[in-house]
Amino acid sequence: MSSAVMKPSYMPADAGAKFSASPAGHPETGQIKLALVIPTLCEAENIAGLICQVRRVLDPLSLPYEILVVDDDSRDGTGKVVSDIAAEDPRVRLLVRRGERGLSGAILHGWQHSDATVLGVMDADLQHPPELLPELLSAILDDRDIVIGSRYTPGGDLGQWSAARKFLSAAAVWVTWPIQKSKVRAKDPMSGFFMVRRRCLDQIQFQESGFKLLLEILVRGRIHSIEEIPFEFGRRFRGASKANVRVAVDYARLLARLYACKYRLRGQV
């Protein structure tokens, strides 16, 4: 199982997957900078529109930001679309992973290539509303460690999911309750739409395989304050969902690892 260790400053990929608390040039006591990662796999039909919407809502904030599109070697032209945009806007960057899959690994890969003090992620399929980004960032600037776009906090909604899918989602959330920290439990630990302060992840090793990085951050990160902002989960605009049996298997493995860590059962799992 692959993993990544968080260290303070940006390092090139061949130097190792490391982050730390105070990236060079952007100490947390000074300038706040946002790095928003958008993982992609065959999202050519969606990505240009999403980047346009993200820039439209972030530009008025007058805060440094960059958009990092981490593409898992798509064959539908996603990279070309992003490269064309990046050629005109240096705040947009394309990072291509070859021979790798997994949402968590893609997110970590993007964060590792940024010196930003605030790290964010959202889906490329337009199911996460870009207009919520200023609210997430405002809560971070209000000294929260992590801010989550939440479907389960009052005012949030799962949208047009079937009853069976809603039941499975609720069950997946319920089993995280014992391993979350009692004072900072999230109602939606499965969300893929959140921002976190880089210092909260310093020197922590995260699982790169799988799709539920937020849960591991909540359990293992240095999180002392949390806010959830409600949103309604939208319908995929174009393209196919990436959910499959592997997602469920990776989630089960992550749960086993986190339970083992929580209850010190490492030798038994």
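The values are calculated or read from the model by the stated rules, or taken from the named source; none is laboratory data. As the structure is a computational prediction, the values presented were derived from the model and not from experiment. Reconstructed Cβ throughout: ideal geometry from the backbone, glycine too, with neighbour counts over all protein chains shown.
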Problem - Members of the stretch 38-50 found to be part of a helix (DSSP H, G or I) and either touching a strand residue (DSSP E or B) at 6+ places or on another chain (Cβ under 6 Å) or in contact (Cβ under 8 Å) with a residue 60 or more places away in the chain (or both), listed by number - result: Ile47, Gly49, Leu50
Problem - Conditions (1) touching a Ser or Thr at 6+ places or on another chain (Cβ under 9 Å); (2) at pLDDT below 85: number failed by Val184 - result: (2)
Completion exercise
Per the filter on the stretch 203-231, residues aliphatic (A, V, I, L, M), within 24 Å of Asp72 (Cβ to Cβ) and in a loop (DSSP other than H, G, I, E, B) are Ile204
Exercise for the section: Examine the stretch 46-67 for a residue that is within 14 Å of the chain's Cα centre (by Cα), surrounded by 20 or more Cβ atoms within 10 Å (Cβ to Cβ), farther than 17 Å from Gln127 by Cα and not β-branched (Val, Ile, Thr), and state whether such a residue exists. Expected result: no
Exercise for the section: May I ask you to verify whether Leu103 is under 22 Å from Arg220 (Cβ atoms), at pLDDT below 95 and of a type outside the set (Ser, Thr, Tyr)? Expected result: yes
Completion exercise
With the first residue restricted to the stretch 208-220 and required to be under 21 Å from Glu100 (Cβ atoms), and the second required to be part of a loop (DSSP other than H, G, I, E, B) and polar (S, T, N, Q), Cβ contacts under 7 Å at 6 or more apart or on different chains are Glu208/Ser2; Ser209/Ser2; Leu214/Ser191; Leu215/Thr176
Handout entry: Qualifying strands (runs of 3 or more DSSP E) (wholly inside the stretch 62-165; at least 1 residues being free of Cβ contacts under 8 Å to residues at least 12 places away in the same chain)
Key = none
Problem - Lone qualifier among Glu43, Glu66, Glu100, Glu88 - being touching a Ser or Thr at 6+ places or on another chain (Cβ under 7 Å), of a type outside the set (A, V, I, L, M) and farther than 22 Å from Arg198 by Cα - result: Glu43
Exercise for the section: Pull up the stretch 96-147, narrow it to residues that are of a type in the set (Asp, Glu) and touching a Lys or Arg at 6+ places or on another chain (Cβ under 8 Å), then point me to the one that is farthest from Ala48 (Cα to Cα). Expected result: Asp145
Handout entry: Count of the stretch 129-143 residues which are touching a Leu at 6+ places or on another chain (Cβ under 9 Å), under 21 Å from Ile223 (Cβ atoms) and buried (at least 19 other Cβ atoms within 10 Å of the Cβ)
Key = 3
Exercise for the section: Kindly provide the set of residues from the stretch 181-213 that are of a type in the set (S, T, N, Q) and surrounded by fewer than 20 Cβ atoms within 10 Å (Cβ to Cβ), ordered by number. Expected result: Ser182, Gln203, Gln205, Ser209
